[in-house]
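The values are calculated or read from the model by the stated rules, or taken from the named source; none is laboratory data. Note that the structure is predicted; figures quoted are calculated from it, not measured. All Cβ positions, even for glycine, are placed from backbone atoms using ideal geometry, and neighbour counts span all protein chains on display. Side chains included, ligands, DNA and RNA excluded: accessible areas come from the protein's heavy atoms. Shrake-Rupley method; radii C 1.70, N 1.55, O 1.52, S 1.80 Å.
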Amino acid sequence: METMEQRLVSTWSNVNSSVPPSYVQPLESRPGKVISPSSRAIPLIDLGGHDRAHTIIHILNASQEYGFFQVVNHGVSKDLMDEALNIFKEFHAMAPKEKVNECSKDPNGINCKLYTSSENYRKDAIQYWKDTLTHPCPPSGEYMEYWPQKPPKYREVVGKYTQELNKLGLKILEMLCEGLGLNKGYFCGELSENPVILVHHYPPCPDPSLTLGLAKHRDPNIITILLQDQEVHGLQVLKDDQWIPVEPIPNAFVVNIGLILQIITNGKLLGAEHRVVTNSKSARTSIAYFIYPSFSKIIEPAKELVDEISPPIYKSMSFGEFRKKFYDKGPKIEQVLKS
Ligand code: OGA
Ligand code: NI
């Protein structure tokens, strides 16, 4: 039996000059053709603008049309963004054994994980070219005792970073509420109290045309706030059957609508499909901050957004049930959610 240390892509990929067969995607899933970024880009939104009503319209349009946008002037300092990205890069650069040890502090193995490929390594027919560190990061500080302690400043930096992201998330959700006609605090409390951080590391791949870093998917959350490597491309969004690259923009965050927000807005906002491709030159690191509800919270279209003319198109279920269905059904989930 292979250990996690041995399986991590970063453990073996620098000594392999070719892509192992178990990482070669079937023809229909390979990266293929991508349109040039200059002809189309996801919207860029300045959160520091003075015309709040205008900013809200911009966010709402982007969330309806693309399910994706980038934000600048968002209030998180450049220093903190750099510090966070650097500490996560340092983490993934540590010795395999050390990484595994630092993620083994929870005796139940739930509240901090290091995995490779998707979370379901054994279930994946074909593996994905990435390693991921993930743990909950609520503003209360709960679960922090399970976080890595190496690099030495990990808890300090990641604690600060996730506090700021919690604020930014609520700010964006509040603007979405205003645009949608929901009360301002609709997402405060149970709908957003379980944030989780996922730190992906995509090592260079000898043949990017054969592999994927992350399969085509929608995020199973309310929203995602992603900080991507400032130099290395990889994220792509599916729009009108075409893959659009998400250009790294200095000091910007990428925001995307998750499937749960699609349900709550009764399909008004779009949980867009996206994926990550690999490249042969540089490793890429990305930090995804996932806003999740509590497990018992009932997920359903908001009463304010349904009526006789637009009845609920999704069933009600607890977030716990939703999550189980998401992992059991994979891409076929949407049929299960429809009422
Ligand atoms: C995700 C995701 C994109 C990236 O974590 O769900 O889509 O660039 N990540 O790593
Ligand atoms: Ni995603």
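Around A93, what is the net charge, scoring Lys/Arg as +1 and Asp/Glu as -1 over all other residues with Cβ under 14 Å from its Cβ?
Taking every other residue near A93 into account, the sum is 0.
Separation between the K281 and V306 pseudo-spin-labels, each 7 Å from Cα along Cα→Cβ, expressed in nm?
5.0
May I ask you to evaluate 6.51 cos²θ - 1.76 cosθ + 1.60, the Karplus curve with θ = phi - 60°, for each residue of segment 265-270 and list the ³J(HN,Hα) values in order in whole Hz, giving x for glycine and proline?
8, 6, x, 5, 9, 10
For segment 208-339, with only Lys/Arg (+1) and Asp/Glu (-1) charged at the beta-carbon, what is the dipole magnitude about the Cα centre, in debye rounded to 20?
Using only the charged Cβ atoms, the result is roughly 420 debye.
Once the dipole of the chain is set up with Lys and Arg at +1 and Asp and Glu at -1 on Cβ about the Cα centre, which of I309, F295, V158 lies farthest towards its positive end?
Projecting each Cα onto the dipole axis, the largest value belongs to F295.
Take the Cα atoms of segment 98-243, find their three principal axes, and give me the spread along each one in whole Å, biggest first.
That works out to 49, 45, 31 Å along the principal axes.
In whole Hz and in residue order, list the ³J(HN,Hα) couplings for segment 125-131 that follow from phi through the Karplus curve 6.51 cos²θ - 1.76 cosθ + 1.60, θ = phi - 60°; x for Gly and Pro.
These are the phi-based 3J(HN,Hα) values: 5, 10, 7, 9, 7, 7, 10 Hz.
Suppose the chain between D328 and K89 were pulled fully straight at 0.36 nm per residue; how much longer would it get relative to their current alpha carbon spacing?
82.9 nm
So, how do all the Cα-to-Cα distances of the chain break down into 10 Å bins, in percent, from 0 on up?
Taking every Cα pair in the chain, the percentages come to 5, 26, 35, 26, 7, 1, 0.
Would you work out what percent of the accessible area of segment 268-339, with all protein chains in place, is carbon or sulfur (probe 1.4 Å)?
Answer for segment 268-339 is 56 percent, counting heavy atoms of protein chains only.
Going by average Cβ density within 10 Å per residue, which order do the peptides 310-322, 206-218 take, highest to lowest?
My ranking of the peptides, most packed first, is 206-218, 310-322.
On C-alpha positions alone, give me the angle between the axis of helix 319-329 and the longest principal axis of the chain, in degrees, nearest 10.
That works out to roughly 50 degrees.
Could you tell me which of Q236, A84, P21 has its Cα farthest along the dipole of the chain towards the positive end, charges placed at Cβ (Lys, Arg +1; Asp, Glu -1), taken about the Cα centre?
Sorting the options by dipole projection puts first P21.
Given Cβ point charges of +1 (Lys, Arg) and -1 (Asp, Glu) and nothing else, what value in debye, to the nearest 20, does the dipole of the chain about its Cα centre take?
Charge dipole, the chain, about its Cα centre: 580 debye, nearest 20.
I need the peptides 233-241, 19-27 ranked by packing, meaning the mean over residues of other C-beta atoms within 10 angstrom, with the highest value on top.
233-241, 19-27
About the Cα centre of segment 37-165, how large is the charge dipole given +1 on each Lys and Arg Cβ and -1 on each Asp and Glu Cβ? Please answer in debye to the nearest 20.
For segment 37-165, the charge dipole is close to 360 debye.
So what is Rg over Rh here for segment 102-168, counting just Cα atoms and using Kirkwood for Rh?
1.03
Within the chain, what percent of beta bridges assigned by DSSP are antiparallel, to the nearest 5?
The answer is about 95 percent antiparallel.
What aspartates and glutamates could a cross-link reach from K184, if we take a straight Cα to Cα line under 12 Å and drop same-chain neighbours fewer than 8 places away?
Correct list for K184: E174.
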